[in-house]
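Everything on this sheet refers to the single structure shown next.
What follows draws every value from the coordinates through simple rules; no lab data is involved. Here the structure is a predicted model, which is why all the values come from computation and not from measurement. Positions of Cβ are generated from backbone atoms using ideal geometry, with glycine treated the same way; all protein chains shown enter the neighbour counts.
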Amino acid sequence: RTVTPAWILAQFKHSSFRHQEPTLDQCWTGLAHPSQKRKAAPDTRNKGGGWIQKSRNLHEFAPVTVVKASSVDNPMILRIHQAKKKRIQSQQSSSSGGDSVGVVKNPPLCNRGRNEGISNMLKQLSNLHLECPLGTMDHWRAYHYGLMAGRVKQLDFEIVDERVLPRLQHIQGFGDSIRNKIKEYLQTGTCQKIKELERDPYRKAVQSMIKIWSIGPIKGKELVELGYRTIRDVRKGLSRGELDGLSANAKIGIDCYEDFEERMSRSEVSQIGDIVIRTCRQVLPGAEATIMGSYRRGLPNCGDIDVLILHPDFVETTPKGALGRLIRMLHQSGHMLHDLTSVDGMTAGGNGTELQSESDDSVFHSRSSEIEGQGETSMGLQKYGHYHGSSSYMGVFASPTDAGKRRRIDIKIYPYQERAFASMYFTGNGDFNRSMRLWSSKARGMTLNDHGLFPNGTDFANGKESVDKLKGASLPAATEEDIFELLGLEYRAPSERDSFDAIVEKSTSQPVAIVELDKGEIHHEMKHIWID
DNA sequence: CGACAGCCGTA
DNA sequence: TACGGC
DNA sequence: GTCG
Ligand SMILES: O=c1ccn([C@H]2C[C@H](O)[C@@H](COP(=O)(O)OP(=O)(O)OP(=O)(O)O)O2)c(=O)[nH]1
Ligand SMILES: [Mg+2]
């Protein structure tokens with residue numbers, strides 16, 4: 001937060017090192033009315049080498065100097081850095097390692113649903129921070145609470161009273177704060193922090209703003225500072241012309257507020273899927289379209305519908321303009337109501353189903369952005385040195401089962417050779433993907449994304465443009481099983497891909513190890529412990 | 001202190 | 001680049 | 001929030 005000079009002066013009066021929380025009017029919001037916003041100036045705070053950074057334009061923002069706690073004079077941080085140096089040295093001298101880990105921090109986990117109450121409490125804490133990340137820390141608080149909510153369920157013992165707390169201390173991720181909350185839960189059956197967060201009217205207001213699609217914590221706070229508290233307020237403001245500065249997507253989000261809050265039944269998802277898939281086959285004969293996301297994982301209800309399109313004849317590219325034609329046709333039939341992303345080829349005159357085979361050179365080189373070369377993102381060619389033509393669409397679909405209701409839809413199309421990676425990605429869930437990518441990077445020295453699996457230390461990783469195409473190329477995988485195998489992970493069916501801890505090293509793996517870390521270091525490289 | 005996945009689209 | 005989203 |  002940026003504070004006003006008034007707040008700073010007030011702190012000196014207290015002659016104490018503990019400062020007071022600034023009240024709302026002691027904060028410098030620096031906010032302009034959305035409709036008056038100019039182009040965003042680059043945020044230069046906290047960048048650059050020095051450990052003292054001056055604030056920018058004094059007339060625009062509060063005259064505050066940001067002091068970074070640096071290693072220069074902070075004994076705590078010095079100690080950490082020295083410890084780090086020592087660790088590195090000892091590893092270089094005796095590379096045998098493996099036994100440097102005295103405490104076994106990874107007890108056997110099982111997948112029985114234990115510790116329900118505690119897990120629910122942690123999940124609530126996670127959601128409260130996630131749904132309203134006011135501070136910069138809240139994002140990672142939510143992340144960690146979420147992680148531990150999953151992990152308590154998998155413990156091989158039930159937390160019934162305080163005597164097991166010391167035992168928790170030796171398990172990765174249960175720090176002081178969480179152990180104290182568990183203690184409080186055991187004693188009182190509740191958690192004051194949750195109550196506190198739920199009561200806070202400011203939080204509540206921001207949260208209701210954030211639920212508008214395309215409004216995040218920044219815009220949400222801005223709206224609250226401007227006096228809006230509820231979706232009704234925002235709608236009123238919009239009708240008065242006070243909020244014309246909001247993005248086109250935000251206006252759609254406001255319009256569909258209640259509809260987007262709801263989740264749909266599987267049967268509704270499958271009916272929408274039928275419509276999309278049928279239309280897709282008309283527009284692109286031979287295409288394979290599949291419903292992904294929570295639907296593929298078998299959840300009883302879904303927040304949106306995710307559709308993946310592939311075509312076996314387009315191995316390295318995607319058919320030009322196909323996605324656009326699909327969207328156009330869905331608009332014409334009245335199913336698609338709004339676009340949340342632009343679509344190349346949608347407004348083009350290209351008729352129906354002309355199919356260029358990908359061996360046609362014109363498909364390959366249609367990558368200038370002025371032309372409506374479909375798909376091909378600018379990053380793809382530069383960073384990966386491989387040619388790809390994936391593209392994606394986000395829109396709003398009319399419910400076929402619940403008249404008048406509007407549903408979020410995501411449609412993505414990938415080259416056929418990326419199908420395993422695209423399907424892994426699009427099946428999720430989000431935590432599972434993050435866990436798998438973290439494992440890939442930390443334990444295997446490879447970067448995993450929705451296009452492929454890339455060994456690090458190649459041109460890809462260095463961000464250079466690849467001259468030799470093979471050097472920047474992905475390891476091949478035709479199926480999802482292949483990807484688990486390449487990474488040395490236990491296979492997980494879609495319905496099992498439900499948490500961070502669902503990523504587990506395969507016991508008999510002969511992985512394609514690229515990093516030269518010993519096992520102990522791999523395991524303890526990060527706080528995320530991979531359980532054998 | 002820095003890490004906690006890796007991208008894409010909009011303004 | 002900042003923000004929001006998958 | 002937690003770890004190294
Ligand atoms: O931060 C994210 C969000 C999503 N995804 C992937 C996994 C996810 O399964 C898929 C579709 O995203 P969506 O937001 O639709 O999630 P979902 O798993 O389908 O759940 P929901 O029922 O809320 O749609 O995209 C990620 O990799 N990272
Ligand atoms: Mg979904």
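Which order do peptides A:115-121, A:482-488 fall in by mean Cβ count within 10 Å, highest first?
On the way: A:115-121: 17.9, A:482-488: 19.7.
Going by the mean number of other Cβ atoms within 10 Å, highest first, we get A:482-488, A:115-121.
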Exercise for the section: Please work out the Kirkwood hydrodynamic radius for the range A:194-316, using every pair of different C-alpha atoms, and report it in angstroms with one decimal place. Expected result: 17.2
Exercise for the section: Write down Rg/Rh for the range A:200-255, rounded to two decimals, with Rg from the C-alpha atoms and Rh from the Kirkwood relation over Cα pairs. Expected result: 0.92
Practice task
Can you tell me which of A:273-282, A:160-169 comes out highest on packing, and rank the rest after it, using the mean Cβ neighbours within 10 Å?
Solution key: A:273-282, A:160-169
Exercise for the section: Calculate the spin-label point distance for residue A:456 paired with residue A:188, positioning each point 7 Å from the Cα along the beta-carbon direction, and give it in nanometres. Expected result: 4.3
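Show me the ranking of peptides A:418-429, A:294-305 by mean Cβ neighbours inside 10 Å, starting with the highest.
Packing order, densest peptide first, comes out as A:418-429, A:294-305.
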Practice task
Between residue A:270 and residue A:315, with labels modelled 7 Å along Cα→Cβ, what's the label distance in nm to one decimal, could you check?
Solution key: 3.5
